[in-house]
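Engineer: Pasting in a structure now, in structure tokens, and then I'll have a few things to ask.
Quick note: the coordinates plus some simple rules give every number you see, no bench work behind them. On a predicted model such as this, the values are computed, not experimentally measured, just so you know. Positions of Cβ are generated from backbone atoms using ideal geometry, with glycine treated the same way; all protein chains shown enter the neighbour counts.
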Amino acid sequence: MRHQLALAMLLSVLALSLPENVAAAPSYTLTVDPSIIGCGGSVLISLSLSGGTNNQDYSVTLDVQKPDGGRAVTSRSFRTTNLGSGSVPVLYPHSSFTALNGTVQTDVAGVYTVIANQTFPSNIGIVATNQFTVSCQLTVVISGPASGALVERGRKITISATVSDPIGPVSTATVRANTPSGGEVILSQTSGTPGAYSIDYQVLLYDILGTWTIQVEASDPRGNSGTSNAVAVSIVRSELIVDAFAVYNSMGVPAADFSPGETIYPFFRIRYSSGDFLVTGQHRVSVRDPAGAIVANLTAVYDS
């Protein structure tokens with residue numbers, strides 16, 4: 001009996017000496033959305049807490065470290081609910097960040113690290129980390145013309161391309177394509193299709209025959225840029241076509257029958273197969289007798 005009484009008293013003393021239940025350390029979750037952006041873009045950093053003290057004020061710092069050694073910090077405070085949870089959203093880049101090194105911008109390509117520290121009600125240091133990636137590369141894809149296409153001098157060819165960054169189509173880019181002579185043309189944005197650009201380029205009558213390697217370059221106001229794949233097309237000669245041939249008599253009337261000694265006035269136009277008319281040069285006209293023999297060769301000069 002004495003042993004039982006002594007054991008009960010010992011257990012009572014131990015119970016009185018044990019501390020009250022200590023709340024477990026809060027759990028933090030750090031998210032970054034989106035996880036991949038283009039140079040000059042922004043991300044939403046969200047830090048959430050669960051398992052904290054009910055209706056308690058908490059303070060945290062968010063430290064963004066850039067791949068080139070740049071670093072920026074901001075402080076935030078929030079109050080938990082009666083369930084011990086809370087959250088704080090932060091936009092980066094934002095004026096609330098203080099640059100400790102470099103700039104508060106997404107102006108360097110690479111992986112950015114976000115570190116969250118709890119500073120109040122106790123300074124327990126790092127509680128969560130996450131990362132996001134900045135890409136300064138635009139993706140440029142030529143959608144027309146097809147590689148190997150034949151293009152006659154004087155004809156129009158449609159150069160079209162799409163431009164996108166890691167988030168999606170880019171509709172604010174300046175898009176250029178090279179011409180056969182080494183110049184450049186500006187592609188316009190295609191209405192109703194985000195990130196699509198095109199131009200109808202007319203191959204000049206004096207553009208060099210042979211292979212024309214088309215490449216499209218794009219750049220946007222944020223400093224992102226990119227170059228497309230190469231598409232090779234062939235520039236070929238445009239055929240000459242005699243158009244609207246007619247014969248007039250000395251009275252200026254179209255005729256098919258003439259009297260001996262009467263003057264004949266042939267009229268014709270020459271155009272390229274592309275549709276443009278030839279506007280300069282000399283042309284040889286052959287006159288054949290009823291038997292088909294050539295009886296004269298005349299030289300015709302362009303008459304404006």
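Engineer: Antiparallel DSSP bridges in the chain: what percent, to the nearest 5?
Structural biologist: Just about 95 percent of them are antiparallel.
Engineer: Also, I was wondering about something else. I need the shape label for the stretch 181-286. Rule: rounded when a/c is under 1.5, else prolate if a/b > b/c, else oblate, with a, b, c from the alpha carbon gyration tensor.
Structural biologist: Prolate.
Engineer: On a full-extension model of 0.36 nm per residue, what is the gain between Thr81 and Ser250, subtracting their alpha-carbon distance, rounded to one decimal in nm?
Structural biologist: Value of the extension gain: 50.3 nm.
Engineer: Under unit Cβ charges (Lys, Arg +1; Asp, Glu -1), what dipole magnitude, rounded to 20 debye, does the stretch 23-135 have relative to its Cα centre?
Structural biologist: The calculation lands at about 140 debye.
Engineer: Could you give the radius of gyration (one decimal) and Dmax (whole number) of the Cα atoms in the chain, in Å?
Structural biologist: 40.0, 159
Engineer: Against the longest alpha carbon principal axis of the chain, how many degrees, from 0 to 90 and to the nearest 10, is the axis of helix 2-17 turned?
Structural biologist: For 2-17 against the chain, the angle is about 50 degrees.
Engineer: Given the -39500 (n - 2.57) contribution per DSSP H run of 4+ residues, what per-residue ellipticity at 222 nm results for the chain, rounded to the nearest 500 deg cm²/dmol?
Structural biologist: -1500 deg cm²/dmol
Engineer: Another one. Treating only the Cβ of Lys, Arg, Asp and Glu as charged (+1, +1, -1, -1), what charge dipole size does the chain show about its Cα centre? Round to the nearest 20 debye.
Structural biologist: Rounded to the nearest 20 debye, it is 780 debye.
Engineer: Shifting gears a bit: Arrange the peptides 259-267, 226-234, 213-221 so that the one whose residues have, on average, the most other Cβ atoms within 10 Å appears first.
Structural biologist: Ranking the peptides 259-267, 226-234, 213-221 by packing returns 213-221, 226-234, 259-267.
Engineer: Percent relative contact order of the chain, based on C-alpha pairs within less than 8 angstrom and at least six residues apart?
Structural biologist: Relative contact order of the chain: 13 percent.
Engineer: Find which of Ser259, His94, Leu47 sits farthest along the positive direction of the dipole of the chain, computed with +1 on the beta-carbon of Lys and Arg, -1 on that of Asp and Glu, about the Cα centre.
Structural biologist: Leu47
Engineer: For a protection proxy built on the mean count of beta-carbon atoms within 10 angstrom, sort 29-35, 130-136 highest first, please.
Structural biologist: Top to bottom by mean Cβ count within 10 Å: 130-136, 29-35.
Engineer: Would you work out if the stretch 139-236 is rounded, prolate or oblate? Take a ≥ b ≥ c from the square roots of the eigenvalues of the alpha-carbon gyration tensor; rounded if a/c is under 1.5, else prolate when a/b is larger than b/c, oblate otherwise.
Structural biologist: Judged from the Cα gyration tensor, the stretch 139-236 comes out prolate (a/c at least 1.5, a/b above b/c).
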